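Notes follow the structure.
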Amino acid sequence: MLGASGFFGSRIAAELAAAGIEVLGPERSESELLDPAGLSELIAAAAPAAVVNAAGMTSPASARANPSACFAVNAGGALNLLEALRQRAPGAQLVSLSSAAVYAGSAPFDESSATAATTPYAASKLAMETICGQYRRGYGIPVTVLRCFNLIGPGEPSTQASSEFVRAALAAGTGGRAEVEVGEPATARDFTDVRDAARAVRRVLEEGATGTLNLCSGKATSLAELAALTGELTGVDLTLRGSGTGRPASGLLSIRGDFSKLRELTGWRPGITLEHSLTDLIESLRP
């Protein structure tokens, strides 16, 4: 597994290990993805039945700041990994993580919905998906692309809105008041608990499901609603102030996915509510 020390990667590794699946791989995965020779040696030594690639650049803001680095690891790294698999373990299944950022148009999005490279991050993920498709069709490598929507839960990066809201509420204290500035409070996203998402990856591997699959909850929650729920759970009057910057960089005010295909192939469905996710996040961040 690549990216086992990250927010999602660590949960995937724990989920697989709990199911009795041996998990091998380096923690500093971005450097390995950019080293074709070393990656080839790693694959040869591990002789994996499957590889989960949870490494790469995951921050759209970092991608905007350094597009070349984003493309190098997200697209170029995927190519290096696929080539290593083709040469050293052609029968191994690859699960590669993409993003709902690739979608365009109006929600809800299924796997046949239109895509667009509206940001450097989305472009790097679409390039990765194209490369995966080429190796799946051209070399017969079993590849699964999971288009992950917003993940939430304990251990999430401090830059995520849910974490920012919780930290502001905890700083204010029960009965206090807090205000957080956001671009547009009406921005709505599809949140899935990271533990549910890790379970989905396990089910994909167990069932050998391939192709492009949405990993999402099927529900959209606005930032305003997320803040209100956070305030309710912490006993804080938490309000949002719009910065007036308008729509998100993706241009999509609302993102909601359809996970029907994933459910049909693996039997997976989300089981952890947004309230449960936020409650656990709050407890994990309490001083």
Pick from Ser98, Ser254, Ser158: which residue has the top mean-square fluctuation in a GNM of the chain where Cα pairs under 10 Å get a spring?
Ser158
For the stretch 86-238, radius of gyration divided by Kirkwood radius, i.e. Rg to Rh on alpha-carbons
1.06
Most exposed first by the Cβ proxy, i.e. fewest other Cβ within 10 Å, how do Leu34, Leu215, Leu229 rank?
Leu34, Leu229, Leu215
Long-range HN-HN contacts of Leu215 with modeled amide H, under 5 Å:
Arg147, Cys148, Phe149
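Please find the FRET efficiency linking Thr239 to Ser62, where r is the Cβ-Cβ separation and R0 is fixed at 35 Å, and quote it to the nearest 0.05.
Working: r = 29 Å, r/R0 = 0.82.
FRET efficiency, Thr239 to Ser62: 0.75.
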Could you pull out which residues in the stretch 113-148 have an amide N less than 20 Å from a spot 7 Å beyond the Cα of Ala49, following the Cα-Cβ vector?
141-145
From the C-alpha coordinates alone, can you work out the Kirkwood hydrodynamic radius of the stretch 180-241, in Å?
13.9 Å
Nearest 500 deg cm²/dmol is fine: what mean residue ellipticity at 222 nm does the chain get from its DSSP H runs of n ≥ 4 alone, each adding -39,500 (n - 2.57), divided by its residue count?
-13500 deg cm²/dmol
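Got the relative contact order for the chain handy, in percent, Cα pairs under 8 Å and 6 or more residues apart? Don't skip to the answer; put the middle values down first.
Working: 563 pairs, mean separation 56.2, N = 287.
Relative contact order of the chain: 20 percent.
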Taking Rh as the Kirkwood radius computed over alpha-carbon pairs of the stretch 4-57 and applying Stokes-Einstein at 37 °C with viscosity 0.692 mPa s, one gets a diffusion coefficient in µm² s⁻¹ of 280 µm²/s
Cα centroid of the stretch 68-102 to Cα centroid of the stretch 192-256, whole Å
25 Å
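Work out the length of the dipole vector of the chain about its Cα centre, built from +1 on the beta-carbon of each Lys and Arg and -1 on the beta-carbon of each Asp and Glu, and round it to the nearest 20 debye.
On the way: 24 positive and 29 negative charges, 93 e Å.
Charge dipole, the chain, about its Cα centre: 440 debye, nearest 20.
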Once the stretch 52-97 is represented by equal point scatterers at the alpha-carbon sites, with solvent omitted, what log10 I(q)/I(0) does the Debye formula produce at q = 0.17 Å⁻¹?
-0.51
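Take the alpha-carbon positions of the stretch 45-159, form their convex hull, and give its projected area averaged over all directions (one quarter of the hull surface) in nm².
Numbers: hull surface 33.0 nm².
The number I arrive at for the stretch 45-159 is 8.3 nm².
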Kirkwood hydrodynamic radius of the stretch 59-124 from all distinct Cα pairs, in Å?
13.4 Å
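What is the gain in length, in nm to one decimal, between His276 and Ile21 on full extension, counting 0.36 nm per residue of separation less the C-alpha to C-alpha distance? Intermediate values should be presented prior to the final figure.
Values: separation 255, 0.36 × 255 = 91.80 nm, distance 2.70 nm.
This chain segment gains 89.1 nm when fully extended.
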proj_area_mean for the chain (convex hull on C-alpha atoms), units nm², value 14.2 nm²
With the charge dipole of the stretch 14-109 built from beta-carbon charges (+1 for Lys and Arg, -1 for Asp and Glu) about the Cα centre, the Cα from Ala75, Tyr103, Ala65 projecting farthest to the positive end belongs to Tyr103
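Coordinate-derived values only; no laboratory data. Since the structure is predicted, the reported quantities are computational estimates derived from the model, not experimental observations. Using ideal geometry, Cβ is built from the backbone for each residue, glycine included, and neighbour counts are taken over all protein chains shown.
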